[in-house]
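Novice: The structure that follows is given in the form of structure tokens.
Laboratory data are not the source of any read-out in this text; all were calculated from the coordinates shown. Since the model is a prediction, treat every value here as computed from it, not as a measurement. Methodologically, a virtual Cβ is constructed for each residue, glycine included, from the backbone with ideal geometry; neighbour enumeration extends over all protein chains shown.
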Ligand SMILES: [Mg+2]
């Protein structure tokens with residue numbers, strides 16, 4: 001584990017550094033508070049820091065406050081080095097966000113115990129962070145293809161639509177359905193079917209732009225959101241995905257098969273308020289058209305404007321007979 005030590009006293013710094021190295025820690029050294037702060041704000045900064053309280057430029061306490069203000073993740077465990085005379089100020093140190101303290105000159109056993117407690121907290125937090133990351137992945141990704149799942153891609157489309165509305169830009173929506181997918185499952189088994197789904201997603205993903213998004217919408221259906229794309233560019237991108245998908249056979253465990261897909265696209269044009277539902281319905285319609293016209297093709301359908309809100313006519317008042 002990496003530890004940062006910051007101390008302006010050369011003697012104390014060297015002693016601390018030698019001790020920590022002897023215990024197997026990797027040590028990063030700062031000679032004053034400003035340098036410590038700079039080192040602690042870098043990427044992959046140590047998650048454990050020992051800061052001398054009294055330092056020129058910036059005190060250990062001020063470094064502590066600055067670090068806590070940023071609420072950095074992962075957490076930095078901070079041990080303050082204090083002189084005996086500062087003991088009564090410790091509450092102030094804890095208020096500034098220090099986790100623990102040790103008095104100078106430090107006792108080796110005491111330091112070892114304090115560091116062990118710090119390490120335990122840092123390790124626990126790392127476990128928590130990775131568990132949270134796994135949960136986030138589970139909640140937003142499709143477990144088979146690792147693309148976005150249905151609810152996430154739907155939300156993403158809604159977000160893109162409101163952004164496009166603000167920025168007056170179009171959004172392309174493409175619905176993809178693998179052709180004759182049932183026969184892959186029937187003839188080669190479900191594992192082969194799963195492999196085909198993963199490889200199809202991978203091939204499509206490899207052709208879209210960085211800011212496009214692809215999600216698994218249903219069994220063998222994918223929804224692709226293309227921010228900023230009008231009809232022509234939506235068609236071009238769908239065509240690129242179609243070609244990439246069908247250009248070479250997909251090899252399964254025993255044999256290789258040709259996989260194609262049909263694509264239905266529509267575009268939310270600027271100047272109107274579109275709902276995700278109406279766009280998906282229109283893209284679906286275009287997809288069925290592509291299926292009817294022979295599969296392995298792209299069809300784009302323009303979406304009609306949503307009907308203007310009905311005006312409820314007020315009953316006319318009878319002219320009063322004069
Ligand atoms: Mg000092």
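Novice: If the stretch 28-171 were replaced by its equivalent ellipsoid, with semi-axes equal to the square roots of 5 times the Cα gyration tensor eigenvalues, what would those be, largest first, whole Å?
Specialist: Semi-axis lengths for the stretch 28-171 are 43, 19, 12 Å.
Novice: Further question: Can you tell me the relative contact order of the stretch 2-135? Whole percent, Cα pairs under 8 Å, sequence separation 6 or more. Let's see the in-between values first.
Specialist: Numbers: 189 pairs, mean separation 27.6, N = 134.
Averaging sequence separation for qualifying contacts and normalising by length gives 21 percent for the stretch 2-135.
Novice: In deg cm²/dmol, rounded to 500, what helix-only [θ] at 222 nm does the chain give when every DSSP H run of at least 4 residues adds -39500 (n - 2.57) and the total is split over its residues? Walk me through the numbers before you get to the answer.
Specialist: Values: 10 runs with 147 residues, N = 322.
When only DSSP H runs of four or more count, the value is -15000 deg cm²/dmol.
Novice: Right, next: With everything on Cα atoms, drop me the angle between helix 276-292 and the longest principal axis of the chain, reported from 0 to 90° to the nearest 10.
Specialist: The angle comes out near 50 degrees.
Novice: Of all beta bridges DSSP finds with both residues in the chain, what is the antiparallel percent, to the nearest 5? Show your work: numbers first, answer last.
Specialist: Numbers: 22 of 45 bridges.
Expressed as a percentage, antiparallel bridges in the chain total about 50.
Novice: To the nearest 10 degrees, how steeply does helix 150-167 sit against the main Cα axis of the chain, on a 0 to 90 scale?
Specialist: Once rounded, one gets 90 degrees.
Novice: Same structure, new question: Taking the chain as a Gaussian network, Cα atoms linked when under 10 Å apart, which of 118, 264, 24 shows the biggest mean-square fluctuation?
Specialist: Maximum fluctuation in the GNM of the chain, among the listed residues, is at 24.
Novice: Now for a separate question. Which of 141, 21 has the fewest other C-beta atoms within 10 Å, and how do the rest follow up to the most?
Specialist: Exposure proxy ranking, most exposed first: 21, 141.
Novice: For 263, 154, which order do you get if you count the other beta carbons within 10 Å of each Cβ and list the fewest first?
Specialist: Fewest to most other Cβ atoms nearby, the residues stand as 154, 263.
Novice: Given N residues in the chain, what is its alpha carbon radius of gyration divided by 2.2 N^0.38 Å? Let's see the in-between values first.
Specialist: Details: Rg = 31.0 Å, N = 322, 2.2 N^0.38 = 19.7 Å.
The value comes to 1.57.
Novice: Specify the residue with the greatest mean-square fluctuation among 109, 190, 146, computed from a Gaussian network of the chain linking alpha-carbon atoms under 10 Å apart.
Specialist: 109
Novice: Among 67, 257, 208, what is the fewest-to-most ranking by other Cβ atoms within 10 Å?
Specialist: Arranged by neighbour count, lowest to highest, 67, 257, 208 become 257, 208, 67.
Novice: Given a cut-off of under 8 Å on Cα pairs at least six residues apart, what relative contact order in percent is computed for the chain?
Specialist: Working: 519 pairs, mean separation 40.1, N = 322.
Once normalised by length, the contact order is 12 percent.
Novice: Rounding to the nearest 10 and keeping the result within 0 to 90°, find how far the Cα-based axis of helix 231-246 lies from the longest principal axis of the chain.
Specialist: Compared with the principal axis, the helix lies near 80 degrees.
Novice: Sticking with this one: Counting alpha carbon pairs within less than 8 Å and at least 6 residues apart, what relative contact order, in whole percent, applies to the stretch 150-300?
Specialist: The normalised contact order for the stretch 150-300 reaches 32 percent.
Novice: Specify the residue with the greatest mean-square fluctuation among 166, 70, 242, computed from a Gaussian network of the chain linking alpha-carbon atoms under 10 Å apart.
Specialist: Highest fluctuation of the listed residues: 70.
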